[in-house]
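Peer 1: Structure provided below as structure tokens; questions to follow.
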Amino acid sequence: MWSAGFAKEGNRTVFAGPDVQAGTFITAMGRIRHSHYHIRHKARAHEKPGSFRIAVLADLHNRVYGSDTASLFEEILEEDCDAVLSAGDLVLMKGGRYAFDQALRLAGALARRLPVYVMDGNHEMRMARTAPAQYRRYEEILKKRGVVCLHNESADIVLNGVKLHISGLEPDYRCFRNRYHRSVSREEIHGLIGNRCEDRFNILLAHHPKYFPEYAGWGADLTLSGHLHGGIVRLPSLGGVISPDPELFPHFDHGLFADGDSRMIVSAGLGTHTINLRINNPSELVIADITVENNGY
């Protein structure tokens, strides 16, 4: 068991336990904020202790707000990460137009240096539905450049001796729309990606953070999400104002959240679309350090 604690994220208090160094520790590099999280996980039977570092990409939308992908590539390398994971929406697909050249350039360059795992957010899903030939070309190039694509699939990897089970969850696209909204149940998650792995650290890539209780119920040790762009406009003490869905004051807008022993990190995202606006809400690169321990917290 762990006891509850609190930590500051700017002017906002976020919930955390002693296994998490919560909040964001900001380093100004251009106009991209680097947010660092340290999560400690109690090893289960057959899990070996160790630690690893991952970079989390979310909502690039084929551009970087206030910077460029070459700068972002260098910043990720400087963080000395062991792998890069994407929580979706690397591409832009809006109003019948699509763009993915910057996404391919960044993911491909990273894959030459590090393991890179991606899954589809709502923009990739829209491109697959409305521009299938272009989507196939996009994914073919990703794979040729060494990027691993997880479409309701899982992959096992070992980083610094720690065994991971990484799953990419892609539910029905209507889960991203308030007007024609449908929910995601933990039974549906089981049906899409199967069971969690009992002897590995389970990372779930799930673009929409709204369904965190279901992700936790499935058994994710750590969920990585984005989609909400940090609420676009952030107000002191209140957090994000509006999501792209749209929804006012979304609950899981940004930062670290806990549900039992499960954790979720929600990125504020790297790019924008339609309305290129961020107020008190810079583009964000998430860096997560995960430590698996044998002797409890």
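Peer 1: When residues of region 224-282 are filtered for being modelled with pLDDT of 70 or more, on the phi > 0 side of the Ramachandran plot and hydroxyl-bearing (Ser, Thr, Tyr), how many remain?
Peer 2: Selection size over region 224-282: 1.
Peer 1: Given the conditions (1) free of Cβ contacts under 8 Å to residues at least 12 places away in the same chain; (2) in contact with a helix residue (DSSP H, G or I) (Cβ under 8 Å, 6 or more places away or on another chain), and given that Glu74 satisfies all but one, which numbered condition is not satisfied?
Peer 2: (2)
Peer 1: If I filter region 181-204 for residues that are touching a helix residue (DSSP H, G or I) at 6+ places or on another chain (Cβ under 9 Å), assigned to a strand (DSSP E or B) and surrounded by 14 or more Cβ atoms within 10 Å (Cβ to Cβ), do I get at least one hit?
Peer 2: Yes - at least one qualifying residue is present in region 181-204.
Peer 1: Let me ask something additional. Among (1) of a type outside the set (Asp, Glu); (2) at pLDDT below 90; (3) surrounded by 14 or more Cβ atoms within 10 Å (Cβ to Cβ); (4) part of a loop (DSSP other than H, G, I, E, B), there is one condition Ser3 misses while meeting the rest; what is its number?
Peer 2: It fails just one condition, (3).
Peer 1: Do any strands (runs of 3 or more DSSP E) lying entirely in region 44-147 carry at least 3 residues that are surrounded by fewer than 18 Cβ atoms within 10 Å (Cβ to Cβ), β-branched (Val, Ile, Thr) and over 17 Å from the mean Cα position of the chain (by Cα), and which ones are they?
Peer 2: Numbers: elements: 50-57, 83-86, 92-94, 97-99, 116-118.
Where strands (runs of 3 or more DSSP E) fall fully within region 44-147, none carries at least 3 residues being surrounded by fewer than 18 Cβ atoms within 10 Å (Cβ to Cβ), β-branched (Val, Ile, Thr) and over 17 Å from the mean Cα position of the chain (by Cα).
Peer 1: Every residue in region 118-171 that is touching a helix residue (DSSP H, G or I) at 6+ places or on another chain (Cβ under 8 Å) and among the hydroxyl-bearing types (Ser, Thr, Tyr), please.
Peer 2: Tyr135, Tyr138, Ser154, Ser167, listed by residue number.
Peer 1: Ok, one more. Please work out which one of (1) at positive phi; (2) in a strand (DSSP E or B) is the condition Leu164 fails and give its number.
Peer 2: (1)
The values are calculated or read from the model by the stated rules, or taken from the named source; none is laboratory data. This one's a predicted model, so the numbers in the text were calculated from it and none came from an experiment. Every residue, glycine as well, gets a Cβ built from its backbone with ideal geometry; the counts of neighbours run over all protein chains shown.
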